[in-house]
Structures are given as structure tokens and as C-alpha cells.
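Derivation of every value follows stated rules applied to the coordinates shown; laboratory data play no part. Just so you know, these numbers come straight off a predicted model, no measurement behind them. Methodologically, a virtual Cβ is constructed for each residue, glycine included, from the backbone with ideal geometry; neighbour enumeration extends over all protein chains shown.
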């Protein structure tokens, strides 16, 4: 499929949408497009939003986006839901929660499935950010449900990471991946009118203090909101702006971008290696045979792998 | 009991098991329509934990398992109440009078979706929907036409209206005033059950808190002004239609009821001042015996809760009176005439379950709106049950069946488990907000679909005994000009009425909304002067906000 | 496995009966598709915009209120206006036989009655999209 780069740069919705599909589904074909876009594009400011299910993340995202577009920004939302391990399918239910912003002309919402990527983050997510940046979206929100490794990987792309919790999430908080606590730049306690909110606030504060004891100068705020009633949204918008500003003045923005790009390069490399070497190997009928041999102790796994690797070497 | 136990074991080992071992059974597992295991045989051994006087008792006596009245259908049959409404008020009025002439004993009004969601017919969102699934009502003028030549002191009228129930009730009162009928003589029901709209039916307008307040306003108003009116019809029907099983239907309906009672108590009402006017609405599904048990279990469960939890003292506060509609979801588009038989079985279960009123579906409803002919067969089905089958001649004739009594008891227990869970989530409103109830129902709906697709659950004509599809005759068509005509009529009313008065009424409604005053009074004043449902609901939308479903 | 087929399940109009829509959404997911569900009371603009932005391969419209004869032509027209008429549109719910011909003329390829097995819909989608 031929994608018109000028139309992307002009922000044509349909072309942008097609380009994202290409990025998701036909990686090889997409690279030509991405090459061209990358050199012409400054990546947008990226806000990552995560937290346990039922925390009102989508409502919060809706409120944030709605404030941003009101002040004249063009905003895109990438809403990510997990793919089923069994069928590979996914239910992408976040659009339903975006309410009125879904029809705003300056808002673009795209639902994506994680597609259970081997080896971590699906590189299509970064590339989608690139396409949307090229299309003129100045701010992009990546929303993802959950508190596992996958979510940490996704929000690690972000300039600012928002972790949303609710008072009822007590037990889940305890099981948060430490990485998520470390990734959070801002914490939100939503539904803060709930009876147990105070207790949760204390727990969170303690966890935040423990999680990141760096001397970076950014004091991680805990913002209390009642998203459904717009309570605390103003504070949240200000804190996000403050973090964005902090990144700019402290030069951490560049550090962060370096880190993200380093990861993306690794992901692309892994993707390339997998497509070129590993996938054909998996499709080869000898592969199952090799597994059997290892199981039957005719061969050890280490020898097997080093044989494969040397085969790859010859191929290069 | 010991002899019985011994006798049973002997029978099981020597007779049943041997035969089963030799010849097998039709299925590996037998299950009810709601996936509950069914044993080969029930006996007095299954009733050991049941105390007749405490758990069953005589009809008209707590906990009313056998019926809420001492005589049941021997003194008066159930009310045959066919839900009808389509197109304009004039057409629906003609259908009402046709049904009354043909032996129907109560009216049941279906409103179109714009009316149910508080939009006038000329609203942008109403396009294509006016008069489709029910009658279009914009102002009192439509309501006057709807009940033309129908004396409101002689019929009881049920209105399927929820979010804007206050407005339609007010219009009904205003029509009665014009007919010269006193309010005390009005009898009927408004559905007025908003919680199940969030769960299952989707015609909500406002968020839960203001919606509950509108409902308690109605409770309060009716306890003072409309003593014979059923202020709410707490509905499991749609919960079942959305895919729940029988236990979920029972539990979630009762949980909704509990939430309404709590709301009314929270504004300081006395439980016995409103509880006698609460009524219920259940679904009649295909598993005949399970359904009979469900209705009996519902009565017992509600009675126990009203007495134990809410300390109700009046007997009437503990009586669960209910309407039944046969299951729309059980109607098949394939071989539609088979639906006549399905409806008969479902209706029979409702009657044997002691229903106070009954709607039987028309066989063609999976295809479109029912024709007059199909609607008549549906009504005649009730006549045949009432007049020919003999089941109405003695009270609760299935009582004492080991299976029915054991299942009634089990359904009560299982529903209570759900109620405990909902209580832990902070009550029904919270459980709905958290999506718990919706997820439970969705899961059941999906499992049922899978069971039908695998053939585990047989639906005749759909996954067994299939035939090539045959076209059936007529489907009722809605006049394509209806929407335009209705909008034009509304425009005329708007230009004819006194606009200063309209403004004043809307201001009064706004003030009452802001100041927490009972909204029924200013709404009634407004509808008398032909202020439209859309105008009233718009003011309330501005003050209360709108509910947005975010659960999936 | 229906690799990468993306479907929008939408409920146009005011009809609140979403049992069918949700069951189908889940069924298609379990058949390996990525399913965007938009929720109730979607205007035709909302549906078309979602279809464009999500770049779906299939749109499934579910309606039981009878308003299809007004809403479906509007959706088909707006899809065309937005250059998104390459999408496969199917419909389900209560849609009388008499209306099928007219809707098919609009470009709605499949119309499914209550009681249709999900597999039949999955196969139909595969066939139309020409995937195995």
C-alpha cells in the first residue's frame, strides 16, 4: 500500500490511520515510510498513564485531553489493551470510555492490542508515536491497563509517567511491580472521596518515598482527584506541566529521549533478527525435531543453540 | 427418615445405578436452563432442611412462598396485560381499545426510545427512532390522544418508563384530571427502575445519585397523593434478557430493590409508608420448573429481607407482587410459529409461579413489531391457560413437589450468596459502578451462546431440527411520515402555548432540582401547560449531568 | 487464527440492547480478531470517525429498534464521504426480511438474524476479506 507522506504531514486522519495499520501489520513495508517521517519529525511530548484496572484511568485521560484541546493543543491517545494469549484476539474497550473527546476534531484516538510480543515491547507502539507526531499531534497520551512488566515497558517510552490508583486498590498496590513505582513521575489517587482514601494516601506516600530516592530535584507529587466530578484535574494539569518544564530545564528530556531511542534501537534489532533468523527457524520442520532431541537428552540445549548461532553467522 | 434413607439407597443401588450402568442416560450431565445440576430423582430426603411453616407456609401468610393472597386466582385471575405501543398516540389508542374489546384487562404502554431517553421527537438524536419501538409522546396533547375514550378510573395502566418516569406519570395524572377522575382512583404502575437501565437496558439519562433522588421524589409524592399507584416495578426481566441466569435475575433484582428501600429510608421515609407500593417484574424463560421455583423463591426472599433487614411491620410491605413477561430472548427468528408454543410454556410457569399480571409475547417479535393477529394469539394463550387448563383453580398446585420445593430453597440460598457479595461491594449502586453486575451477566450470556453453538443447549429450529428459512407473512410497518407529522404537531403546540408560562415552569423545575425540593409538583404544573418531555429533561440534564456508560 | 483483522462493533441510535453486540465482540476476539467496542447511543458521526481512526477492516452494526432504515444509509454515506468505503459492513439485530434487499443495495454485505452462530459470522468475515 502506498502512503502519501504529505498527507500524513498535513494531518489527514484517514492517511494517518492507514499509516498506523501499516506500521502495525506490515513492518517491512512500513520502514520506507518511517525512514522518511523520522527525519522530518520532532517527537511529541508523551504522557504515559497506567495503573490497576477500575481506577478510572480513561476518565482521567478524557479530562486531561479535554483540557489540553481546550487550550489549543492537538492531542492523540493510544489506548493499549492486552491480546489474548490463546486466540491472539483482543477487546479494545477504551474508546468507549473516552466520552465526548472522541468526536473533537483535534483529537485522534487509536486502540491497539499488545500482540503478545516476544521479548517485550512491540516496536510498533513507538512507531505509531512517530506517525502521530509527524501528523502534528503535539501531545500524545499512551494509556495502558495493568501493573505488570508489559505496562512498565510501555510507559517507559513516555516523557512523563502517571500512575493512577484508587482507594480500593489496596492489595493490588502491594503487588505493584517495583519498576512501576520507580517509573512513576506523578501519582494520582482517584476517587479520593472514598472512605478509605486517607489510609491509601499514607500507604502511597510511603511507597513513593521508598521507590525513588534519587537526588534529581523532582519531588514526586501525589494528586488527589475525583475524575468524574472534575475535582483535582486542574492540579493534575499543573503538575504535568511542571514535570514537562522540569524535564526541559534540567536537560533530562534529552537523557530520556536517549534512553527511549536506545531501547527502540534494541527492539528494532531484535525484531529484525527475529524476522530474519528466528522465525524461519521456528517454521522449519527440523525445529521440533531439535526440541525432541534435547528432551530425549540426545543433545543439550546449549550445544543446540550455539549450532544455530553459528549457522546464523554463516548466513550473515 | 432413616427408613427412607435406607429405601432410597437400596433403590439407587439396585435399580437406578444398574439401569444407568447398562443403558446409560441421554446426557452425561443434566442441567437446568441456568446450568444448575439436576438429579435423576427428588424425594422427601431433599426437603429435610425445609420447615413448612417457616419457609413455605399458607398463601397470604409470611413468607408468602405459596402466593401473596389467600385465594389467589380462585377469586380473580391475573391481569392480562399486553405491552403495546407503536407509532402515533392515535394508532396506539386504537390498538388499546382493540385489546380491551378482546378481553385484555389492563393496559401496558410501550414508549419509543426518544421518549424513554427524554428527547422530543424533533431532537437530533431522535432521528429515525420516532414511534419505532413504542408510542411517541412529546406533550400532554399526545397523552390525551393516547387515552382518548379510555376511562382511567376503570383500567389499570402500566407504563414502561424509567429515567423520565416523573414526567409521564405527571402527564397521566393531568389526563385523569381532564377526564374528571380523582387521583385516588388511579391505579397502575410505572417501571421507574433506573438501576437495571445501567445494568441491562440502556435507557438511562442521569447519573445514579440524581436518578435515585427522582425515584424517591415519586415514592414520596405517591405516598401522599396516589395511594393506589405502584411507584416502581423492580425489574429482573431485562437483566435476564441481557443474558443472566435465573439466580442472577433473582439476586440482582432483589439487590436493586434493597437499594431503593435504602434510598427512601435515607430521606427519612418510614418503610411501611412506601414498601407496600413496590412491585416487581420478572422474566418467564424456558426451563419450566426452574422458573416456577424462581417466582416462589423471589416471594420468600423479599419477605424475609423486608422483615429481617428493614423491620417492616405491615404485611403488605413484605409481599412481593410481580408482573411477568415471557422471554423475548427465547423467541427465535427461525421457524417463528414455534414461538407460540414456547410462550405458552413460559406463561404457564408464570401462572404456576403466582404472577399478578402477565404479558405474553407475540411469535413474530424476533422479526419485527408484532402484527395484530400475532398479538391476539398471544393474548388467547393466556385465555386458554386461564379458562381451559384448570391450573388456576387451586392455589400453588406445584407446591409439595420434592423438586420444586428443593429448588425453591436452593435458589433462595444461592441468591443470598450474591446478595452478600454485593453488600461487600457497598451495595448495588456501587456494584454497578464497579461493573461487577454487568460482568457477571456478560459472562453468563457468553457461556449460553457457546452452549447453543456447541449444541449442548438445544434450541429447536436453531441448532436442531433446522429447516431452510421460510418467509413469514406480514410484519407491522411504521408509517415513514410519522416522524415528520409528529414533529410538525409538536411545533404547532410550541407556537400555540404561552411561552412566558413555559419559561416560568422550566425555571421552577430548575429551582426544585437545585434546592432538593420534590420535583413531582413543578413537573406536574409544567405538563398541564404542555411543556414537553424534552424541555423538562433538558433542564434536568443541565442540573444533574448525564450518565456515560464506561464499563465493558 | 484471524491475524490482525480489526473490527468495530457499534450500536447506532438510542437502542440500549447490547447483549448481542457484546457477545459477538467477545466471540470475534476469541476467534483471534481485535475488536473495538464503542458502546451505546453512537451517532453516525461517532461510528464513522471511529472506523476511520481505528482503520478497521470490518464494521458490525447492531440494532434492534427498527431505526436501521434511517441510520444505516446515513452511515454508509458518511463512510463514503470519508473515503472509508473499503470497509466490510455487516449488521445484526432485528431487521425484517423485507428490508434486507434495500440494505444490501447500500453495500451492507451481511445481515445476521438473532440466533446466528458466531462461527458463521467469523466465516463470513474470513470469506469476504479473503483470508484463510
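Tabulated values for the structure
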quantity: Among A:145, A:291, A:166, residue whose mean-square fluctuation peaks in a GNM of chain A (springs only between Cα atoms under 10 Å); calculated: A:291
quantity: The protein assembly as shown: proportion of alpha-carbon pairs further apart than 49 angstrom, %; calculated: 30 percent
quantity: The stretch B:378-406 versus the stretch C:46-92: alpha-carbon centroid distance in Å; calculated: 48 Å
quantity: For the stretch B:32-113: span of alpha carbons on each principal axis (Å, largest first); calculated: 58, 34, 22
quantity: Helix B:402-424 axis, angle to chain B major axis (alpha carbon atoms, nearest 10°); calculated: 50 degrees
quantity: Mean projection area, nm², convex hull over Cα of the stretch B:52-454; calculated: 18.7 nm²
quantity: Mean ellipticity per residue at 222 nm, deg cm²/dmol - from DSSP H runs of n ≥ 4 across chain A, formula -39500 (n - 2.57); calculated: -15500 deg cm²/dmol
quantity: Using alpha-carbon coordinates, inclination of helix A:252-273 to the longest axis of chain A, degrees; calculated: 30 degrees
quantity: Column: log10 I(q)/I(0), Debye, Cα scatterers of the stretch A:266-315, q = 0.18, 0.20, 0.25, 0.29 Å⁻¹; calculated: -0.63, -0.75, -1.00, -1.12
quantity: For the stretch B:135-170 and the stretch B:349-365, distance of Cα centres in Å; calculated: 23 Å
quantity: Order of A:273, B:214 under a 10 Å beta carbon neighbour criterion, fewest first; calculated: A:273, B:214
quantity: Overall form of the stretch B:37-79 per C-alpha gyration tensor (a/c, 1.5; a/b vs b/c); calculated: oblate
quantity: Beta bridge orientation in chain B: antiparallel %, DSSP, nearest 5; calculated: 5 percent
quantity: Within a Gaussian network of chain A (alpha carbon springs, distance under 10 Å), most fluctuating of A:14, A:205, A:299; calculated: A:299
quantity: Shape category assigned to the stretch A:1-145 from the gyration tensor of Cα positions, a/c cut at 1.5; calculated: oblate
quantity: Of every Cα-Cα pair in chain A, the percent that sits beyond 26 Å; calculated: 51 percent
quantity: The stretch C:6-129 - Kirkwood radius from inverse mean 1/r over Cα pairs (Å); calculated: 14.1 Å
quantity: Whole-Å distance, taken between Cα centres, linking the stretch B:34-102 and the stretch B:477-552; calculated: 37 Å
quantity: Spin-label model distance (nm) - residue B:316 vs residue B:479, 7 Å beyond Cα toward Cβ; calculated: 4.2 nm
quantity: Computed over the stretch C:6-129: relative contact order in percent, which uses C-alpha pairs under 8 Å that are six or more apart; calculated: 26 percent
quantity: Global form of the stretch C:4-65, assessed from the alpha-carbon gyration tensor, a/c cut-off 1.5; calculated: oblate
quantity: Computed lengthening from residue A:10 to residue A:26, 0.36 nm per intervening residue step minus Cα-Cα distance; calculated: 3.5 nm
quantity: Efficiency of FRET from Cβ geometry, residue B:516 and residue B:5, R₀ 56 Å, rounded to 0.05; calculated: 0.35
quantity: Contact order normalised by residue count of the stretch B:283-369, Cα under 8 Å, 6+ apart, percent; calculated: 39 percent
quantity: Rounded to 10°, Cα long-axis angle of helix B:208-225 versus longest principal axis of chain B; calculated: 80 degrees
quantity: Alpha-carbon Rg/Rh ratio, for the stretch B:502-552, with Rh computed the Kirkwood way; calculated: 1.06
quantity: Chain lengthening between residue B:22 and residue B:420 when straightened (0.36 nm per residue, less Cα-Cα); calculated: 138.8 nm
quantity: Chain B - percent relative contact order, Cα under 8 Å, separation 6 or more; calculated: 19 percent
quantity: Sites residue B:546 and residue A:241 - FRET efficiency at Förster radius 30 Å, r taken between beta-carbons, to 0.05; calculated: 0.50
quantity: Separation in nanometres of the label points that stand 7 Å from Cα toward Cβ, at residue A:284 and residue B:468; calculated: 5.4 nm
quantity: Mean projection area, nm², convex hull over Cα of the stretch B:343-416; calculated: 6.5 nm²
quantity: Normalised alpha carbon radius of gyration of the stretch B:400-456 [divisor 2.2 N^0.38 Å]; calculated: 1.48
quantity: Inter-probe distance in nm under a simple model that places probes 7 Å from Cα toward Cβ, at residue C:98 and residue C:86; calculated: 3.9 nm
quantity: Of A:269, A:247, A:46, the one that fluctuates the most in a GNM where chain A has Cα springs shorter than 10 Å; calculated: A:269
